[in-house]
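The values are calculated or read from the model by the stated rules, or taken from the named source; none is laboratory data. Computed from a predicted structure; not experimentally measured. Cβ atoms come from the backbone with ideal geometry, glycine included; neighbour counts cover every protein chain shown.
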Amino acid sequence: MADEGLLSPALHALTPQDAEDMARLAGDGLEAGTAWSCAAYAQSLNLAETFGFGLRDQKSLCGFVLARHLPDEAEVLMLMVAPECRRQGLASRLMHAAIDHALAHGAQRMLLEVAETNQAARAFYAAQAWQEIGRRPNYYGAGHGLVTTGRVDAVLLAWDSAGRSGAQGVPCSSSSNERVR
């Protein structure tokens with residue numbers, strides 16, 4: 001990031017015009033053959049139930065979260081932060097924006113899945129008060145993210161709005177004053 005520490009990446013609502021940058025960023029962060037295409041991002045962002053947020057510095061997209069509305073819930077489809085931008089709180093900013101948006105649109109909880117071998121992501125979600133609610137056995141195969149051989153379970157996680165006020169580190173509108181451009 002240019003001028004690291006001087007300017008924080010700006011949060012914005014994703015549009016289909018962000019699809020190329022999303023595909024490039026995801027392609028840099030995922031194993032070959034597992035990232036979505038530019039067309040897949042654009043198509044997803046054209047669906048009424050899909051929403052997302054990006055963080056952009058002066059040069060490029062630093063990270064994004066893509067999610068979709070479900071009845072009384074929302075599902076995180078992808079959370080991605082550029083490797084050089086990690087450990088700066090950007091994933092938390094993105095997740096806060098997605099949760100605040102989902103709550104404002106009637107969701108009572110958020111859902112997502114993560115490969116059981118993705119320990120960094122699992123630690124992040126645990127710190128954000130996500131709880132394991134199930135598994136999909138042998139869901140991810142070799143070549144998907146951190147899965148190098150064989151198959152691993154998808155760990156299903158939920159974030160419930162009912163417990164948000166007392167849990168440390170949990171996103172909620174009252175603690176997030178960030179404006180979306």
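Restricting attention to the stretch 1-20, and to residues there that are acidic (D, E) and surrounded by fewer than 18 Cβ atoms within 10 Å (Cβ to Cβ), which single residue is modelled with the highest pLDDT? Only one residue tops the list, namely E20. Filtering the stretch 107-126 to residues that are over 14 Å from the mean Cα position of the chain (by Cα), surrounded by fewer than 18 Cβ atoms within 10 Å (Cβ to Cβ) and closer than 21 Å to G52 by Cα leaves only Q108. Once the stretch 24-40 is narrowed to residues that are outside any loop (DSSP other than H, G, I, E, B) and under 12 Å from V81 (Cα atoms), the residue that is modelled with the lowest pLDDT is G29. One residue stands out among those in the stretch 133-173 that are at pLDDT 90 or above and in contact with a helix residue (DSSP H, G or I) (Cβ under 9 Å, 6 or more places away or on another chain): the one that is surrounded by the most Cβ atoms within 10 Å (Cβ to Cβ), which is W159.
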